[in-house]
Amino acid sequence: MERRTLMKTLIAGLGASALPLSSVVWAQDTQPGTGNNEKPFSYAWLKGYARDLAAHPYISHEGELPQSLKQISWDDYQAIRFREDHALWADSESAFQAQLFHLGLYFQSPVTIHEVIDGKATELRYNPDFFDYEGEQPLGDLPGNLGYAGFRLHYHTNFSLDLAAFLGASYFRAVGSEMQYGMSARGLAIDTAVEGDEEFPRFSAFWLEKPQPGSQVIRVWALLDSPSTTGAYAFVLDPGSNMVMDVDVALYPRTEIKRAGIAPLTSMYQVGENDRRMDYDWRPEIHDSDGLAMLSGTGEWLWRPLENPAHLRFNSFTDNNPKGFGLLQRDRNFDHYQDDGVFYERRPSVWVEPKGEWGNGSIDLVEIPTVDETFDNIVAFWHPEQPLQPEQEYLFSYRLHWGERAPVSPRELATVQATRTGLGGVIGQKREYFSWRFAVDFAGGVLDMLGGDAEVEAVISASRGEVEITSARPLSAINGYRAMFDLVPGNSEEPINIRMYLRLGDEPLTETWAYQYTPPPASERKLY
């Protein structure tokens, strides 16, 4: 199961990676500054190589690095810094620059990185002169085939700030105009939230194409490798108010993959207005994302608020040819977080826009208990209905949008602004039984155009239990509406799935709010 064991490790620019391609594809005998290791390169070649590699057993090269890097302390590892004057393309007219990350400490699987110019790829051999080191522990003589841990990209508007980073397994992240890192994406998820260990495929090699002068996009390719599959990935990064990434994927399974996660997103949710289970921190809310948004193949908009559950929680939203989904940070109010160090209100949302038809499957959401913000405990991805089979090719294309707002939203429908929950019942009256109150705020669409006498109705369905004390009334503070109801769960502690939207007559006014409520044990159902 996925856990982040260091506080915002990837934000700090660290990561783990995979097997060195040069040992299996382009055996090199050159040292830095000598010889010429230039080879033809294309995405078609990469797909062919990934297909051929899938016919051979997976070989892990984790930990194949000098003891001085394995045993390096945290402080000494932080003291290894890439020299900005050695950034790739720093001496050119390119709008982009690339910096490399050093191996060591937790990051012990080398990644091979290449530069591509005019269809020719050259391996970037390890060079100690690329780094400054101010640590106390000697690193010793490091070999020329050491490799790197990953890379990050900078943009000409501010070469001191990261634009994107590919670091750790198949993780990568990017920023929009806020220039603020937050959640991550991955190349592929395998066996997430099932019995047994989750498998984490790794990008074992990258190819970075030198942008032409004046070009505002950059192309990156990656080779994915794991015990279950290989894959070829092509990325086109287009910075803007939203960072747009076009992603093309070709997968070649080694074994049957029953639980594959396509376009997986990873985020953190500890506490928010609808979930105060871990509310012991001085900050009111702590999360990178506050909900999963979905646009189904039929055009239905859904919003599922995130939670930090007491036990692992898995939800699956069946669909056919989804039009999009994403983990969003809708709440952009600093006052709701009060964190002037990491600025959660600036964290980017990420929207997945499928290209072509993805067929039958489900958008799956995994919520893992976390005690603090150092764990990434939220995962969302597309799960194809049919298992991926060996000796087959599977192609997926999609677009990722990183930024403050998703590129699409309900045109005429209001969206959920906040979800709050608490003890149900009527104030001043003795409670004879346990119930739980839900208050959901909607704004946007045509809600602010409705007259005070509009007969707006909350349409609510629950998988079990009894819904009571239902209301939907204007909320002038947000130019919208607040829907409220109590749920009487009965004696069972099994989760209850709830859906709600507002309508006027037969016309829906809002997106659909979807929630899963787990009643507390009978011994904890206080009536006060």
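The values are calculated or read from the model by the stated rules, or taken from the named source; none is laboratory data. The shown structure was predicted, so the numbers you read here are calculated from the model rather than taken from an experiment. Ideal geometry is used to build each Cβ from the backbone, glycine not excepted, and the neighbour counts take in all protein chains shown. In case anyone asks, the SASA skips ligands and DNA or RNA and just uses the protein heavy atoms, side chains included. Shrake-Rupley method; radii C 1.70, N 1.55, O 1.52, S 1.80 Å.
Anything in the range 344-377 that is modelled with pLDDT of 95 or more, aromatic (Phe, Trp, Tyr) and open to solvent by 10 Å² or more (accessible area, probe 1.4 Å)? List them, or say none. Passing the criteria: only Trp358.
A residue that is acidic (Asp, Glu) and over 27 Å from Asp52 (Cα atoms) can be found somewhere in the range 349-358.
Residues in the range 102-124 that are open to solvent by less than 40 Å² (accessible area, probe 1.4 Å), under 13 Å from Phe206 (Cα atoms) and touching a residue at least 60 places away in the same chain (Cβ under 8 Å): Pro110, Val111, Thr112, Ile113, His114, Glu115, Val116, Ala121, Glu123.
Restricting attention to the range 222-238, the residues that are open to solvent by 10 Å² or more (accessible area, probe 1.4 Å) and not in a strand (DSSP E or B) total 2.
Checked against the criterion of being outside any strand (DSSP E or B), at negative phi, buried (at least 24 other Cβ atoms within 10 Å of the Cβ) and under 20 Å from the mean Cα position of the chain (by Cα), the candidates Ser289, Ser204 yield just one match: Ser289. For the range 397-438, filtered to residues that are small (Gly, Ala, Ser) and over 22 Å from the mean Cα position of the chain (by Cα), the residue that is nearest to Asn333 (Cα to Cα) is Ala414. Residues that are free of Cβ contacts under 8 Å to residues at least 40 places away in the same chain and open to solvent by less than 20 Å² (accessible area, probe 1.4 Å) within the range 456-510 comprise just one, Ile496.
Could you check the range 86-101 and list, in sequence order, the residues that are in a loop (DSSP other than H, G, I, E, B) and open to solvent by 20 Å² or more (accessible area, probe 1.4 Å)? Listed by number, the residues that qualify are Ala90, Asp91, Ser92, Glu93.
Asn127 meets each of the listed conditions (1) closer than 18 Å to Glu64 by Cβ; (2) in contact (Cβ under 8 Å) with a residue 40 or more places away in the chain apart from (1). Filtering Gln392, Gln417 for residues that are over 29 Å from Gly176 (Cα atoms) and either assigned to a strand (DSSP E or B) or open to solvent by 30 Å² or more (accessible area, probe 1.4 Å) (or both) leaves a single hit, Gln392.
Pairing each residue of the range 301-323 that is more than 16 Å from Ile378 (Cα to Cα) and in a loop (DSSP other than H, G, I, E, B) with any residue that is among the aliphatic types (A, V, I, L, M) and open to solvent by less than 10 Å² (accessible area, probe 1.4 Å), provided the two are 6+ apart or on different chains, yields C-beta distances under 9 Å for Pro322/Met294; Pro322/Val352; Pro322/Ile363; Lys323/Met294.
Please work out if Tyr133 is out of contact with any Cys (no Cβ under 8 Å at 6 or more places or on another chain), of a type in the set (Ser, Thr, Tyr) and either within 30 Å of Ser228 (Cβ to Cβ) or crowded, with 19+ Cβ neighbours inside 10 Å (or both). For Tyr133, the condition - out of contact with any Cys (no Cβ under 8 Å at 6 or more places or on another chain), of a type in the set (Ser, Thr, Tyr) and either within 30 Å of Ser228 (Cβ to Cβ) or crowded, with 19+ Cβ neighbours inside 10 Å (or both) - is not met. One residue stands out among those in the range 378-389 that are touching a residue at least 40 places away in the same chain (Cβ under 8 Å) and exposed (fewer than 13 other Cβ atoms within 10 Å of the Cβ): the one that is nearest to Ser177 (Cα to Cα), which is Pro387.
Among residues of the range 180-208 that are more than 19 Å from Phe107 (Cα to Cα), those with a beta-carbon under 6 Å from a residue that is part of a strand (DSSP E or B) and among the small types (Gly, Ala, Ser) at least six positions away or on a different chain give the pairs Met183/Ser267; Ala189/Gly261; Thr192/Gly261; Trp207/Ala121; Leu208/Ala98. Residue check: is Ser296 open to solvent by less than 40 Å² (accessible area, probe 1.4 Å) and under 16 Å from Arg186 (Cβ atoms)? No; evaluated as a whole, the condition is false for this residue. Taking the conditions exactly as written (open to solvent by 30 Å² or more (accessible area, probe 1.4 Å), modelled with pLDDT under 95 and hydroxyl-bearing (Ser, Thr, Tyr)), does Tyr433 satisfy them or not? Yes; evaluated as a whole, the condition is true for this residue.
Any residue in the range 147-157 that is open to solvent by less than 10 Å² (accessible area, probe 1.4 Å), under 17 Å from Val244 (Cα atoms) and either polar (S, T, N, Q) or out of contact with any Asp or Glu (no Cβ under 6 Å at 6 or more places or on another chain) (or both)? Yes, the range 147-157 has at least one match. Scanning the range 145-179 for residues that are within 18 Å of Arg346 (Cα to Cα), under 14 Å from the mean Cα position of the chain (by Cα) and either among the charged types (D, E, K, R) or part of a loop (DSSP other than H, G, I, E, B) (or both) returns Arg173, Val175.
Among residues of the range 308-329 being open to solvent by 70 Å² or more (accessible area, probe 1.4 Å) and under 19 Å from the mean Cα position of the chain (by Cα), the one that is farthest from Asp279 (Cα to Cα) is Lys323.
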